[in-house]
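Each reported figure results from applying straightforward, stated rules to the coordinates on display, with no laboratory input. Computed from a predicted model, the values in this text were never measured in an experiment. Positions of Cβ are backbone-derived with ideal geometry, glycine not excepted, and every protein chain shown enters the neighbour counts.
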Amino acid sequence: MYQCNSCGDCEVKNVGNCCGYYPKCVNTYFQPDLEKLEEWCANNDVSSVCGWTEIDACVCTEGRCEGRQLAADGAVDVCEDPPSDPSEFQFGLSSRSPAPSKDW
């Protein structure tokens, strides 16, 4: 979900949480399963705190996509790297559907 080789592998996506919309910087090829998450939350009677931090740009730091906010002067690094080959990444939940991580 967060794997990257360069900033071109990262983008902001709605990964959801038990409150609803929740943006995170994740791998470009990662496809969040919002229906499965909603089902898990309902089946486990779980809710989340609503709200999130605004993300202005994504970076790749030590192989992990991370969000960044604008600097005080309004500047933010613009990534111009192309995405890596999708075969370099593996994502997915196990068929046993474990509890979502705190980053869901």
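In this simple spin-label approximation, Asp56 and Gln31 carry label points 7 Å from Cα along the Cα→Cβ vector, and these lie 3.3 nm apart. Ranked by the mean number of other Cβ atoms within 10 Å per residue, highest first, peptides 30-38, 47-55, 2-10 order as 2-10, 30-38, 47-55. Within the shell defined by Cβ-Cβ distances under 13 Å, the residues around Glu39 carry a net charge of -3, with Lys and Arg each +1 and Asp and Glu each -1. When peptides 59-66, 12-19 are ranked by their average number of other Cβ atoms within 10 Å per residue, the highest-first order is 12-19, 59-66.
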